[in-house]
Amino acid sequence: MLGFAGSVLRLTNDVRRQEEVAGLVASGGEAILELTYQIEATPWLVVQPDLQYVIDPLAADSDATVLGLQVVATF
């Protein structure tokens, strides 16, 4: 099974003002693109790698790439 998803987070002006008052860099929000693939390796083992690309993350200076792996064994 192949999956692709996207999400967008936008912060309100109030939140941005609170960040500025606290001395933080005010951010408008972030966007995330995700690609995942679910592999049934055996009848009892499912492996699912996941790749996310975060555009303009709230707590970082540059874009971020996140790799994940989920393994489910059913007995």
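The values are calculated or read from the model by the stated rules, or taken from the named source; none is laboratory data. Source: prediction; values computed, not measured. Note that each Cβ is placed from the backbone with ideal geometry, even for glycine, and that neighbours are counted across all protein chains shown. SASA here: full protein model, heavy atoms, side chains in, ligands and nucleic acids out. Shrake-Rupley method; radii C 1.70, N 1.55, O 1.52, S 1.80 Å.
The residue of the range 1-54 that is least open to solvent (accessible area, probe 1.4 Å), among those that are in contact with a Phe, Trp or Tyr (Cβ under 8 Å, 6 or more places away or on another chain) and of a type in the set (A, V, I, L, M), is ILE32. Restricting the first member to the range 60-73 and to residues that are within 19 Å of GLY6 (Cβ to Cβ), and the second to residues that are in a strand (DSSP E or B) and among the acidic types (Asp, Glu), the beta-carbon pairs closer than 7 Å and six or more apart or on different chains are GLY68/ASP50.
Picking from residues in the range 58-75 that are under 18 Å from GLU34 (Cα atoms) and assigned to a loop (DSSP other than H, G, I, E, B), the one that is farthest from the chain's Cα centre (by Cα) is SER62.
Residues checked against (1) in contact with a strand residue (DSSP E or B) (Cβ under 9 Å, 6 or more places away or on another chain); (2) modelled with pLDDT of 95 or more:
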{"residue": "ALA5", "(1), (2)": "yes, yes"}
{"residue": "LEU9", "(1), (2)": "yes, no"}
{"residue": "GLN18", "(1), (2)": "no, no"}
{"residue": "LEU24", "(1), (2)": "no, no"}
{"residue": "SER27", "(1), (2)": "no, no"}
{"residue": "ILE32", "(1), (2)": "yes, yes"}
{"residue": "GLN38", "(1), (2)": "yes, yes"}
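Out of the range 35-57, which residues are outside any strand (DSSP E or B) and either in contact (Cβ under 8 Å) with a residue 12 or more places away in the chain or touching a helix residue (DSSP H, G or I) at 6+ places or on another chain (Cβ under 7 Å) (or both)? Within the range 35-57, GLN38, TRP44, ASP56, PRO57 qualify.
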